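Everything on this sheet refers to the single structure shown next.
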Amino acid sequence: MSHVTVNGTRLWYQLHGKGPVLVPIGGFALLHNQFDFCREMIVDAGYSVLDWNFRCSGNSDWTMVEPFTLEQWVEDLRAILDDAGLNQVMVWGTSTGSIIGQRFAAKYPERMRALVTYPWFRSDRTWQDIFTTAEWVARVYGIRQLSRLFAGVVLSPKTLYTEDHFKYEKWSGPVYEKNVNMTSMRSLMDVLSNVDLTGDIPRIQCPTMLLMGNDSALNDDEDMESASYDKLVRDFLALKPDAKVQAIPNAGSTYCMITNPKETVELLLPFLDKHKT
């Protein structure tokens, strides 16, 4: 476990394993824990995994003196890589963490070997409503209940109300509460609601793979088309047509590495193997 201080804020990171480095970036509340069920398989395959938390979240300092910005998160990652002595890495971003990896890849192409990402890169009205709702659920019912909200729309419908669903909720509720609090929620949601990386996606030079589950409740609601599998993939490929697409069948979109870790890693590793040097 290591720390680096950036502008007076101590940032946490931890390197697991030996070999080419993969930097996972999870969603705003699961953070590095989003990869808890696949990390060991990646390390066993000969890779290092660099976990980290941006400021005012998880294991990093909970000192908030100004609103978050996406650029600040990207610079947090750069500072951690510098402190760890890592010149080039592979990045895997999912859920709301995907925009950090995409922006980092566009801004620092010389630091990137490959990018694996969930294909969300822009907030329209639908996404803004999602983030507004998330803040109010947390504010009224508590952060633990927020994990239930997202499970209901992101997990595969086949998983809902099954033993696996309840097992997930028992795990995720405490993780949400550990990684985020109401002091940071408003600023977090503001960043996510105002993001637009339309100009960055075509500038990503490194090999890129879109990786996600192809089954969630978001696919079946016409009002949520912007968050559906087909729309996300189509919009990303319109800006970067050379991106490779891999879908985990019958897995929830951004939770595929939680519910289907083995299948997810089996699709991930050949891409990493191809671009690790």
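The values are calculated or read from the model by the stated rules, or taken from the named source; none is laboratory data. The structure presented is a predicted model; accordingly, all values stated were derived computationally and were not measured. Using ideal geometry, Cβ is built from the backbone for each residue, glycine included, and neighbour counts are taken over all protein chains shown. Surface accessibility is based on the protein's heavy atoms, side chains included, excluding ligands, DNA and RNA. Shrake-Rupley method; radii C 1.70, N 1.55, O 1.52, S 1.80 Å.
At-a-glance table
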{"item": "Complete set of residues in segment 61-80 that are part of a helix (DSSP H, G or I) and open to solvent by less than 60 Å² (accessible area, probe 1.4 Å)", "result": "LEU70, GLN72, TRP73, VAL74, GLU75, ASP76, LEU77, ALA79, ILE80"}
{"item": "Leading residue by the ranking (nearest to the chain's Cα centre (by Cα)) among those in segment 1-60 that are part of a strand (DSSP E or B) and closer than 14 Å to LEU272 by Cβ", "result": "PRO24"}
{"item": "Residue that is nearest to ARG55 (Cα to Cα) [pool: residues in segment 140-184 that are open to solvent by less than 40 Å² (accessible area, probe 1.4 Å) and part of a loop (DSSP other than H, G, I, E, B)]", "result": "VAL180"}
{"item": "Some residue of segment 122-139 being buried (at least 23 other Cβ atoms within 10 Å of the Cβ) and closer than 21 Å to CYS256 by Cα", "result": "no"}
{"item": "Subset of segment 101-114 [within 21 Å of ILE42 (Cα to Cα), surrounded by 21 or more Cβ atoms within 10 Å (Cβ to Cβ) and out of contact with any Pro (no Cβ under 7 Å at 6 or more places or on another chain)]", "result": "GLY101, MET112"}
{"item": "VAL23 being among the β-branched types (Val, Ile, Thr), modelled with pLDDT of 95 or more and either open to solvent by less than 10 Å² (accessible area, probe 1.4 Å) or closer than 19 Å to ILE201 by Cα (or both)", "result": "yes"}
{"item": "Boolean, LEU210 is open to solvent by less than 30 Å² (accessible area, probe 1.4 Å) and under 27 Å from LYS170 (Cβ atoms)", "result": "no"}
{"item": "Residue tally, condition closer than 21 Å to ILE201 by Cβ and either part of a loop (DSSP other than H, G, I, E, B) or open to solvent by 80 Å² or more (accessible area, probe 1.4 Å) (or both), over segment 239-273", "result": "7"}
{"item": "Hits in segment 81-99 - residues which are open to solvent by less than 10 Å² (accessible area, probe 1.4 Å) and either of a type in the set (A, V, I, L, M, F, W, C) or in a helix (DSSP H, G or I) (or both)", "result": "LEU81, VAL89, MET90, VAL91, TRP92, GLY97, SER98, ILE99"}
{"item": "Filtered residue count, segment 142-172, keeping only those that are more than 14 Å from LEU30 (Cα to Cα) and touching a helix residue (DSSP H, G or I) at 6+ places or on another chain (Cβ under 9 Å)", "result": "10"}
{"item": "Segment 100-124 - residue that is of a type in the set (A, V, I, L, M, F, W, C) and in a loop (DSSP other than H, G, I, E, B) and, of those, nearest to ASN33 (Cα to Cα)", "result": "TRP120"}
{"item": "Residue match in segment 189-205 (condition: open to solvent by 50 Å² or more (accessible area, probe 1.4 Å), within 24 Å of GLN72 (Cα to Cα) and assigned to a strand (DSSP E or B))", "result": "yes"}
{"item": "Any chance THR162 is closer than 23 Å to ALA251 by Cα, of a type in the set (Val, Ile, Thr) and free of Cβ contacts under 8 Å to residues at least 24 places away in the same chain", "result": "yes"}
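Results for (1) closer than 25 Å to LYS167 by Cβ; (2) over 17 Å from the mean Cα position of the chain (by Cα), shown as yes or no for each residue.
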position	(1), (2)
GLY85	no, yes
SER95	yes, no
SER98	no, no
ALA106	no, no
ARG111	no, yes
VAL116	no, no
PHE131	no, no
GLU135	no, yes
